[in-house]
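What follows is one structure encoded as structure tokens, with my remarks underneath.
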Ligand code: ADE
């Protein structure tokens, strides 16, 4: 997969080259290019923002600069993107007013060969930049949660990490991603608790069933704790979960 990020703070994205993602880049599973938006400014001050039409606080990012940046970045695919076709990338614009970024969206993005991220700052990017890009490529405005960050950079790191770990070969054990919270194999539930050695720590014992060797009982216990935890913390997830009679009995307790 090829990922391009356009930002006024390229150094902010440096952690993308650390740890698991760094290894994925080294192994050629992921290619990441970060571009400085100010490289497409036209004035000595390298201005990227201006005051909003209609008044109000804050500044809006200028369409000319973003338009030129996206024209350039979206026209020159790197080695990880399909170069033999005219297929454009999928453009992702993080914004608190976007549609929610979920595990299902991460799974969708993981199927894409090429993603371009546009990091807004201030009060956001002139809407015409998004409307214009949407004439040529799929564009998603996405939010990582109901809170407001100072810019899209941290949201991009969250999204890239969630997507990259789903790429084939990135996780040491591919079964880990299959059993994640929110995943289809967990029926969209939260994962229950996990334990490792020692058996007793600060007088707290590991649940007996996990040491029983009874695999059916362990599976049932995992399912039960996932159901109980989801009910306690995120009951709305149960609305869409596929539950059988045994599951319903747990929730009725
Ligand atoms: N930019 C600022 N806040 C954001 C959020 N919650 N999600 C995505 N991008 C953002």
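Every condition in (1) outside any loop (DSSP other than H, G, I, E, B); (2) surrounded by 14 or more Cβ atoms within 10 Å (Cβ to Cβ); (3) without any contact (Cβ under 8 Å) to a residue 60 or more places away in the chain is met by residue 70 except one, and the failing one is (3).
Test residue 98 against the stated conditions and say whether it is in the same structural domain as residue 157 (by TED's automatic domain parsing) and part of a helix (DSSP H, G or I). Answer is no for this residue. Those helices (runs of 4 or more DSSP H) of region 141-236 in which 3 or more residues are more than 16 Å from the ligand (Cβ to nearest atom) and surrounded by 11 or more Cβ atoms within 10 Å (Cβ to Cβ) occupy 215-233. Among the residues of region 103-119, just one is within 15 Å of the ligand (Cβ to nearest atom) and either in a loop (DSSP other than H, G, I, E, B) or at pLDDT below 95 (or both), namely 119.
If you take the residues of region 120-140 that are part of a loop (DSSP other than H, G, I, E, B) and without any contact (Cβ under 8 Å) to a residue 60 or more places away in the chain, which of them is farthest from the ligand (Cβ to nearest atom)? In this case the residue turns out to be 135. Candidates are the residues of region 71-88 that are at pLDDT 75 or above and touching a strand residue (DSSP E or B) at 6+ places or on another chain (Cβ under 7 Å); the one that is nearest to residue 114 (Cα to Cα) is 74.
The values are calculated or read from the model by the stated rules, or taken from the named source; none is laboratory data. Values in this document were obtained by computation on a predicted structure and should not be read as measured data. Using ideal geometry, Cβ is built from the backbone for each residue, glycine included, and neighbour counts are taken over all protein chains shown.
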